[in-house]
Amino acid sequence: MMTAQETHGQNHQLGEESSIWFKLTALLKGDPQNPMRTLMAMADRYGPVIPVNFGNQRVVMLSEPEHFKHVLVTKGDDYIKYFDGLKPIFGKSMITNDGALWQKIRMPQQPAFHPDMFAEYIPYFLDAIQTKMDIWADLAKSGETVEMVEQTWTLAADMICKALFDRDMPFNPHVVFKCVKTYTDVQGHKSIRLKVNSGEEFEMTEEGASKAMEIWANVPPAVMGADPREERERTLLTMIQAAVDDPDVPEFDQAQAVDELKQYLWAGTETTALTLAWALYLASKHPDTAERIRKEGEEVYGDRAPAAADYSALAYTRAVVQETMRLYPPIWGFIRVATKAEEIGGKEIRPGDRIMLFAYGAHHSPKYWDEPEEFRPERFMGDAARKRKPYTYLPFGGGKRSCIGGAMSQVENTLALSILLRRFRPEYVGNEPPGINGTVTLTPKGGLMFKIRELS
Ligand code: HEM
């Protein structure tokens, strides 16, 4: 069995040729409008297990639900995390770890994501949504065009800071948003690769990506150092601080705490923001959906502020969020590294192989979904949802490494969608259909451009 060090090698930058994210960009070039279609065509042509050789590195693409289960659950311990190149974003936070260390780091933080906590978080989510509505009221008046992912990212970051950290955002979210985007857009790293290849002297400090990461590195300490809003006793941040003070978990030191915050400020914002932005795009394209969301809000919570019980009753709005993540899964593929030799679907797997679980492929497969390209929130309601085959829908991953914040993100997005649409009619004014970029996340090419209209 290989160690994590052996399997991970020495790659540290996302744009380096040895990084799997960079390698995948070569595969994604076939269809500039939606590179996911290229990968789906490959799966149709070559089957559900496709080994691809990139020089001395093999990437194996999987697109069958039973193989997802095999890698994530049945043989989960034999497939470890792959985070080379994403270290500047995630540091050594739990999302990057494996085995006993991962467990030690996750355990003290788990209670912050228990559904019992959601009722406590909702007022902070509502507070952040209100701030966004004030901004949108001005945008509706000025009539300017805005990019929606940036709008929803600032909302998601505000919600996380207030609810989980008991802080107001002590940073300019627009600046930080752009920094992270600069880094995760792998295609933007071409210049780095060309310089390395041509033997030119290569100065990271001059690169936009490097500068972006410098700004990013300053964000968690700013959050920790900011004044608490209400001195709440049990927040994710106080749990993290208690873990640092716990002599029984020496691994959870101050540097670990900083990296945990880094992880939340990216994993908990980018994905939630993309989902809400795509949901607003779909609502703009399907006015009947927007109307039904408004009507459901009126019936469920009327003129008062929604509470935890109302979230459960917003069944259609929640289904819209879920259907959005089926069509546009923010994490379109996850990567693991094989540590043992074995076979999957009759194909050889070697230690060190990078395994790409192509979630988007399963979400769009006609084998598991009727007319998969159609937007139909009803798939996630009642009987249809109960009959779904396991591992055909995995926006939050699967097995013990599945997303810690998945359930909470659905509360955030269901409430935000419901409340925002009751007052506004965000109108999508960009290209139709919007292009897709297969960066680390599934992002709209050039963003999603909107005009905000206020309902009378
Ligand atoms: C729509 C919203 C979200 C999506 C689609 C999403 C997706 C995912 C996925 C697919 C994974 C597993 C990756 C893998 O197996 O390699 C994951 C892990 C994780 N997510 Fe999320 N996520 C979302 C929201 C959040 C939120 C709101 C938070 C926290 C505030 C969060 C924190 C994390 C963390 C810490 C992990 C790592 C868990 C571990 O390794 O134990 N995510 N997420």
**Request:** Consider Arg326 carefully, then state whether it is among the charged types (D, E, K, R), farther than 29 Å from Met169 by Cα and either touching a strand residue (DSSP E or B) at 6+ places or on another chain (Cβ under 8 Å) or not in a helix (DSSP H, G or I) (or both).
**Result:** no
Screening Ala128, Ala140, Ala157 for residues that are within 15 Å of the ligand (Cβ to nearest atom), over 20 Å from Ala212 (Cα atoms) and either among the charged types (D, E, K, R) or part of a helix (DSSP H, G or I) (or both) leaves only Ala128
Going through (1) within 16 Å of the ligand (Cβ to nearest atom); (2) at negative phi one by one, Gly85 fails only at (2)
Scanning region 299-311 for residues that are surrounded by fewer than 12 Cβ atoms within 10 Å (Cβ to Cβ) and either in contact (Cβ under 8 Å) with a residue 60 or more places away in the chain or in a helix (DSSP H, G or I) (or both) gives Glu299, Ala309
*Could we say that Ala416 is within 26 Å of Met159 (Cβ to Cβ) and within 16 Å of the ligand (Cβ to nearest atom) here?*
yes
Within region 284-312, residues being closer than 19 Å to Tyr121 by Cβ and in contact with a Phe, Trp or Tyr (Cβ under 8 Å, 6 or more places away or on another chain) number 4
Among Gly76, Gly85, Gly99, Gly91, the single one that is small (Gly, Ala, Ser) and touching a Leu at 6+ places or on another chain (Cβ under 6 Å) is Gly85
Just one listed residue, out of Glu323, Glu343, is within 16 Å of the ligand (Cβ to nearest atom), free of Cβ contacts under 8 Å to residues at least 60 places away in the same chain and over 29 Å from Ser93 (Cβ atoms), and it is Glu323
Query raised in the report: Taking the stated definitions as given, is Phe90 closer than 27 Å to Val411 by Cα, within 12 Å of the ligand (Cβ to nearest atom), at pLDDT below 95 and of a type in the set (A, V, I, L, M, F, W, C)?
Result: yes
Of the residues in region 245-273, those that are aliphatic (A, V, I, L, M), at pLDDT 95 or above and near the ligand (Cβ under 8 Å from one of its atoms) come to none
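Which one of Pro434, Pro390 is away from the ligand (no atom under 13 Å from the Cβ) and out of contact with any strand residue (DSSP E or B) (no Cβ under 6 Å at 6 or more places or on another chain)?
Pro390
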Only one of Gly76, Gly85, Gly91 is crowded, with 22+ Cβ neighbours inside 10 Å and of a type in the set (Gly, Ala, Ser), namely Gly85
Only one of (1) within 19 Å of the chain's Cα centre (by Cα); (2) β-branched (Val, Ile, Thr); (3) more than 25 Å from Ala217 (Cα to Cα) does not apply to Ile122, and that is (1)
In region 43-70, anything within 12 Å of Gly345 (Cβ to Cβ), touching a Lys or Arg at 6+ places or on another chain (Cβ under 6 Å) and hydrophobic (A, V, I, L, M, F, W, C) is listed as Val49
Of the conditions (1) closer than 30 Å to Ser210 by Cα; (2) buried (at least 18 other Cβ atoms within 10 Å of the Cβ); (3) of a type outside the set (Val, Ile, Thr), the single one that His70 does not satisfy is (1)
Checked region 160-173 for anything farther than 20 Å from Ser210 by Cβ and more than 13 Å from the ligand (Cβ to nearest atom); matches are Asp166, Arg167, Asp168, Met169, Pro170, Pro173
**Q.** Qualifying residue in region 12-21 (condition: within 24 Å of the chain's Cα centre (by Cα), modelled with pLDDT of 70 or more and not aromatic (Phe, Trp, Tyr))
**A.** no
All conditions in (1) buried (at least 19 other Cβ atoms within 10 Å of the Cβ); (2) in contact (Cβ under 8 Å) with a residue 40 or more places away in the chain; (3) among the hydroxyl-bearing types (Ser, Thr, Tyr) are true of Tyr124 except (2)
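The values are calculated or read from the model by the stated rules, or taken from the named source; none is laboratory data. Keep in mind that this is a model prediction, so the values were computed, not measured. Note that each Cβ is placed from the backbone with ideal geometry, even for glycine, and that neighbours are counted across all protein chains shown.
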